[in-house]
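For reference, the structure is listed below as structure tokens.
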Amino acid sequence: MEPRRILVVDDEIDFLETIVNRLRKRGMTAEGVASGREAVRRIGEAPFDVVLLDIKMPGGMDGIEVLREIKQQRPDTAVILLTGHASLETSMEGMELGAFDYLLKPMRFEELLKKIAAALEK
């Protein structure tokens with residue numbers, strides 16, 4: 001079985017690198033990008049099993065816009081929204097647009113792994 005491909009999208013570089021490294025240590029093929037535009041470009045180039053997507057990002061394209069693009073280009077990709085702003089309303093909007101689930105940052109890594117496993121089972 002091929003390793004699962006995970007794309008992590010977050011403008012907080014330390015968080016991004018930490019999550020990518022920890023996922024790789026668990027045998028997943030993980031890569032990270034720091035902007036919504038870069039995420040859309042990567043999704044267009046290659047499929048990912050799961051995208052971990054920060055909702056609040058600067059640079060002209062927030063997580064909800066990126067989610068719309070992902071679902072348009074690759075509707076079967078599971079998207080888990082991440083937010084450090086406890087924006088339940090925005091998270092619910094994301095769920096309505098097709099996100100698999102959401103987590104509030106900071107989260108325990110084990111909790112994130114459980115959400116990824118559930119997304120991969122769908």
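Coordinate-derived values only; no laboratory data. Because the structure is a prediction, the values reported are computed rather than measured. With ideal geometry, Cβ positions are generated from the backbone for all residues, glycine too; neighbour counts draw on all protein chains shown.
Just to be sure I understand: if I project the alpha-carbon convex hull of the range 1-103 onto a plane and average over all orientations, what area do I get in nm²?
6.1 nm²
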One finds the C-alpha centres of the range 98-115 and the range 1-54 to be spaced, in Å, by 14 Å
Using alpha-carbon positions, the gyration tensor of the range 76-122 gives root eigenvalues a ≥ b ≥ c; with a/c under 1.5 called rounded, otherwise prolate if a/b exceeds b/c, else oblate, the class is oblate
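Using the count of nearby Cβ atoms within 10 Å as a rough guide to exposure, how do K114, K105, K122 rank from fewest to most? Mind showing how you got there, number by number?
Working: K114 13, K105 16, K122 8.
Ordered from fewest to most neighbouring Cβ atoms within 10 Å, K114, K105, K122 come out as K122, K114, K105.
Return the calculated 222 nm mean residue ellipticity for the chain, to the nearest 500 deg cm²/dmol, obtained by summing -39500 (n - 2.57) across DSSP H runs with n ≥ 4 and dividing by the residue count.
Values: 5 runs with 56 residues, N = 122.
Result for the chain: -14000 deg cm²/dmol, rounded to the nearest 500.
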Amide H proximity to L103 below 5 Å, modelled H, separation 5+ or other chain, gives L81, L82, T83
